[in-house]
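FYI, it's all coordinate maths here, none of it is from the lab. From a predicted model like this one, the values you see are computed outputs, not experimental measurements. Every residue, glycine as well, gets a Cβ built from its backbone with ideal geometry; the counts of neighbours run over all protein chains shown.
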Amino acid sequence: HEMKLALHHALEEGQFELYYQPIYRIDGPDLAGFEALIRWNHPEQGLVAPLDFIPVAEETGLIVPIGEWALNEACRTAARWPAHLRIAVNLSVSQFRDAGLLDTVRRAIESNGLAPERLEIEITESVFLTDVGQSLPLLRAMKALGLRIAIDDFGTGYSSLSYLRSFAFDKIKLDQSFVSGIETDAGSLAIIRAVVGIGSGFNATTLAEGVETEEQLQALRREGFAEVQGYLLGRPRPVGDTEAMIAALTDPQ
Ligand code: G
Ligand code: G
Ligand code: MN
Ligand code: NA
């Protein structure tokens, strides 16, 4: 249909762009890296958010070439940053049905000369709802390449916790809905504490998403979260702004 043609055209015409949102270690706070978030520069509609086109890309299979572009662009960009900065890239569950995914990931790091431990793959827990027989070996193969694997939007999916035993995630990204309730809602605080326990028990880094206030940041620090991301610390920005920010941090003047 129309949207499929438009997305195909967008890829050929270079209308996709990556924005980068900073991720901080909560102590310091020190910059740990960035999450790459795709945008579509539509010639008439302007900047289109991923929720308005990623679902169609998934249904039509175009997520495979679009995802390959995003992965390569993120690795190409991060390869010129200081080596202590990581790059996180989101993968849709539907990308795990593509037999070429592992080769795509390997090519993205090798052709851009990015040290594999600098790349973090973000995947939601729904990857464990379907096709576990295919996605689990793929996750393990990616880890064997030296990449880090993060579970995204943690706590919002439909799967049970049992998948945590079947794969050693490097990071747990707690969904922002729990962060927004941290001061007002005893249930959110209880979940935040439980996730700190899960992270320490599974040796996974804990990251809280959607941090918007100083009070939330302080509560997360007090509860022992390791990393934070959110509008309080920095919004997703284009590559030029992102690299100006990196330069200002690393350049003594
Ligand atoms: O940036 P927000 O920026 O609106 O992102 C919305 C959603 O889009 C998030 O759930 C994120 O995981 C997803 N997303 C952003 N960039 C990409 C991408 O490059 N590939 C895939 N598959 N999903 C992405
Ligand atoms: O699903 P994923 O976590 O990959 O997507 C992150 C989404 O959250 C993106 O759309 C991003 O723009 C958005 N986001 C990042 N920080 C904040 C924040 O502090 N508040 C809100 N409301 N959204 C945020
Ligand atoms: Mn994400
Ligand atoms: Na998320």
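A compact table of results
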{"quantity": "Segment 2-250 - charge dipole about Cα centre, Lys and Arg +1 at Cβ, Asp and Glu -1, debye rounded to 20", "calculated": "860"}
{"quantity": "Efficiency of FRET between Lys4 and Tyr231 - r from beta-carbon atoms, R0 41 angstrom, step 0.05", "calculated": "0.80"}
{"quantity": "Segment Ala141-Asp52, length gained on full extension (0.36 nm per residue, minus Cα span)", "calculated": "28.9 nm"}
{"quantity": "Difference of contour (0.36 nm per residue) and Cα-Cα distance, Thr250 to Ser162", "calculated": "27.5 nm"}
{"quantity": "Between segment 17-94 and segment 168-191, the alpha-carbon center distance in angstrom", "calculated": "23"}
{"quantity": "Burial ordering of Asp170, Asp52, Asp152, fewest other beta-carbon atoms within 10 Å first", "calculated": "Asp52, Asp170, Asp152"}
{"quantity": "Hull volume in cubic angstrom per residue (convex hull over the Cα atoms of segment 1-148)", "calculated": "123"}
{"quantity": "Per-residue ³J(HN,Hα) for segment 31-36, Karplus 6.51 cos²θ - 1.76 cosθ + 1.60, θ = phi - 60°, Hz, x for Gly and Pro", "calculated": "5, 9, x, 9, 9, 7"}
{"quantity": "Relative contact order of segment 2-250, defined on C-alpha pairs under 8 angstrom at six or more residues apart (%)", "calculated": "18"}
{"quantity": "Whole-number D in µm² s⁻¹ for segment 140-237, Kirkwood Cα-pair radius fed into Stokes-Einstein, 10 °C, 1.306 mPa s", "calculated": "114"}
{"quantity": "Global size of segment 72-141 as Cα Rg and Dmax, reported in angstrom", "calculated": "12.7, 38"}
{"quantity": "Volume per residue that the Cα convex hull of the chain spans, once the total is divided by residue count, Å³", "calculated": "139"}
{"quantity": "Amide H contacts under 5 Å for Glu212, placed H, 5+ residues apart", "calculated": "Leu232"}
{"quantity": "Approximate spin-label separation Asp241-Arg107, in nm, with each point projected 7 Å along Cα-to-Cβ", "calculated": "3.2"}
{"quantity": "Sites Glu214 and Ala99 - FRET efficiency at Förster radius 41 Å, r taken between beta-carbons, to 0.05", "calculated": "0.30"}
{"quantity": "Least to most buried among Arg222, Arg118 (fewest other Cβ within 10 Å first)", "calculated": "Arg222, Arg118"}
{"quantity": "Taking Phe202, Phe53, Phe154 and counting other C-beta atoms within 10 Å, the order from fewest to most", "calculated": "Phe202, Phe53, Phe154"}
{"quantity": "Amide H contacts of Arg86 (H built 1.01 Å from N, under 5 Å, at least 5 apart or other chain)", "calculated": "Gly33, Phe34"}
